[in-house]
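Following: one structure in structure tokens, then a few remarks.
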Amino acid sequence: MKALLASTGKPRGLPLPCLLCLTALSCKPDYGVTVQKKILRTEALVDADMVAVGDRQTVTIQLRSEGAAPVTVFDIAIESEDQQEAFVLLPWADDDDTLQIPGGNESNPGIETIQVSFRPTSDGPFHATMTIESDDTESLERTEDGRAIWMMALRGIARYPCGFLGRSFLDYGSSAAGGAFYKFVDIHNCGQVLLTIAGFNWDNSNFYVSTPDPVYIVPNATEYIEIGFTPADTSPTSTILSYVTNDPFFTETTQLMGNDCKNSTDESWDWDGDGWFSCGGDCDDLNAAVNPSALEIENKLDDDCDELVDETDDDPSSDDDSDGYSEDQGDCDDSDPDIHPGIQDQPDQVDNDCNGIVDDGTDWFDDDADGYSEREGDCDDSDPEINPNSQELVDGLDNDCDGLLDEGGPDFDDDGDGYADNQGDCNDADPWVYSGAIEDCDDIDNNCDGQIDEGDACAYLVEQGAGSDTGSGTTPSTCSIGAAKATPALPAWLVLMTSLLRRRRAI
């Protein structure tokens, strides 16, 4: 200060440029001027779930603005990790080819949504990376022109649907003309994705499907399709019912049949319950004592249905048809050489082997009495615990007749990822978990190595600081005269110097 004062005690004049220099040198790093933050946030991983091959699943993704200033999105791109572009970004931009997300904060962010369509055309898992370019001020990743980069993972699984019929044969038996009769065919979803029955085909107006289409069947569930029969008359009629499904390997059909005694197993053809159908030789189906296996007695009836009444020369010890068996030896129709004990029963509504059971041992007969014959889908008609309606057990058998063994067991790949429990799959209910899988940022040990989320996706989030406290959404400005529009406060010594200069001029 002494250098600035004359001997008289009056201050000398201080040049104006020097004042400006002193002003500049006195600039502090914070004048209270703030610039609002722009913070874009979204998910690290979006899972399109599991869909049927050929189907589409639309996923809605939230873009959140957690800073005070709005965020502008300039570009969004998806890069697939395989040759098939299974993920397709749906139109998202405004008229100016950008998307603006209003400002907000972490607890109440501004939100806009975009949509991605998952549309796989083959079986398998799919991964992709979606890159979002914006004017986020906090992101560490930048493009060459300075735009902020946010990356997220997309994943989805495609599986072929699987369906099988519980019954491939419906027999309406003896049905009166003009009546309406109903039966059900059961269809089971043996796969991991939705099974869709889009329609039905048949070529006989006596039959119709009363269950409306489409029919949707979730995994491991069974739906029952109601089939009606309205016969115009009592003549035999039949058709083949086929199904239009999203399972490309589903070729099963159901045979529908009504008023066809010769090919039927329905008990409505045996009115008197003697085990003989009218089309199998019972000449009086209202009298259980009259059938081909009965003994002829003098009663003015054709008891044995051989078109002779009260024949007196019928010796039960004689082998009338020369098949090696007499009636005394168990021949239940001694007028037909193809009917006798020991012969193989045939599916013809005749008790060929004379054991009192019609067509037993054939595909038409329910030998194990579990409600299903081979013709109706039973894959082991000697075991009542094995049929299309049974629960699958881990016992080396196909209990439910779906062609698969021991679902749920350690040797079976339940989630379809290619690995069973005993092959390094530490969670066989999750198709994204198996030995050697890609580690996703999903709080799960995907690759069964005992570590969680050690993959690149979560590392990227840590680098970006995602999830950290964004505070008030503002950041202090730097000291820049050109940018600062508010007038800064002057130091005390400069105020004193200015006052002295004013006094000197006043003298």
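Just so you know, all these numbers are worked out from the coordinates, no wet-lab data involved. Keep in mind it's a predicted model, so treat the numbers as computed, not measured. Because the Cβ atoms are built from the backbone with ideal geometry, glycine has one as well, and the counts that use them run over all protein chains shown.
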Magnitude of the Cβ-charge dipole of the stretch 326-426, K/R +1 and D/E -1, about the Cα centre, nearest 20 debye?
40 debye
With the calculation restricted to Cα positions, what are the radius of gyration and Dmax of the stretch 301-450 in angstrom?
28.2, 93
Taking Cα atoms only, Rg over Rh for the stretch 36-161 with Rh from the Kirkwood formula is 1.02
With label points built 7 Å along Cα→Cβ from the Cα atoms of residue 89 and residue 131, find their separation and express it in nm.
1.0 nm
Put a dot 7 Å past each Cα toward the Cβ at residue 288 and residue 115; how far apart are the dots in nm?
6.7 nm
Specify, per residue and in Å³, the volume enclosed by the convex hull of the alpha carbon atoms belonging to the stretch 246-372.
126 Å³
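Give me 271, 364 sorted ascending by neighbouring Cβ count inside 10 Å, so fewest comes first. The partial results should precede the final answer.
Working: 271 16, 364 22.
Exposure proxy ranking, most exposed first: 271, 364.
Suppose the chain between residue 205 and residue 357 were pulled fully straight at 0.36 nm per residue; how much longer would it get relative to their current alpha carbon spacing?
51.3 nm
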From zero outward in steps of 10 Å, how is the percent of C-alpha pairs of the stretch 167-263 spread across the bins?
15, 48, 25, 10, 1
List the residues whose amide H sits under 5 Å from the amide H of residue 245, counting only those 5 or more places along or on another chain, with H placed 1.01 Å from N in the peptide plane.
198
Which GluC sites (Glu not before Pro) does the stretch 127-199 hold that lie in a coil by DSSP with at most 11 other beta carbons within 10 Å?
144
Relative contact order computed over the stretch 36-161 (Cα-Cα under 8 Å; 6+ residues apart), in percent
37 percent
Looking at 441, 390, 371, which one has the Cα that reaches farthest to the positive end of the dipole of the stretch 348-470 (charges on Cβ: Lys, Arg +1; Asp, Glu -1)?
441
Dipole of the stretch 36-161 [Lys/Arg +1, Asp/Glu -1 at C-beta], most positive-end residue of 146, 113, 76:
113
